[in-house]
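For reference, the structure discussed in these notes is given below.
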Amino acid sequence: MEDVTLAENNHILFSQTSNRKGYGKLLGESFIGVLVIVIASLLTNILFDSLGKDIYVGLYYPDAGNLTEDIKSNSIFNSLEDCRGWIDKQILIHNPNGLNYDYECGKNCDLSGGKPYICEETVK
């Protein structure tokens, strides 16, 4: 219901909605809903970050004298051991004599920008 005060020539001078309490309640409920969603999102991110595992990518250099030519693993590995297993296969394929090669397993690398790859750490 709306209260209206009319002045001369039927112009509205003042209008008041008598339903203001309901509108304020609706805004409060919306705010609480948004707040719950934000808190739930933050808690989910914290949980997954704390459970985050390191991932590895293998980089194999068939010619140790030319580190600009590498073979990058097509897979991402969940452990350093898995990455090293891939390296062992590359040695058998490319350097069966076991000489003149090099390798790295990059931990948590950003491969999106191409070479040089940016990794938290590289290990052998």
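The values are calculated or read from the model by the stated rules, or taken from the named source; none is laboratory data. Nothing here was measured: the structure is a model prediction, and the numbers come from that model. Because the Cβ atoms are built from the backbone with ideal geometry, glycine has one as well, and the counts that use them run over all protein chains shown.
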Q | Any pair with Cβ under 8 angstrom, 6 or more apart, that starts in region 66-90 at a residue that is assigned by TED's automatic domain parsing to the domain that holds Asp102 and ends at one that is assigned to a helix (DSSP H, G or I) and of a type outside the set (S, T, N, Q) | A | Ile71/His94; Ser73/Cys83; Ser73/Trp86; Ser75/Trp86; Phe77/Cys83; Phe77/Trp86
Q: Look through region 77-124, keep the residues that are β-branched (Val, Ile, Thr) and surrounded by 15 or more Cβ atoms within 10 Å (Cβ to Cβ), and return whichever of them is nearest to Ile55 (Cα to Cα).
A: Thr122
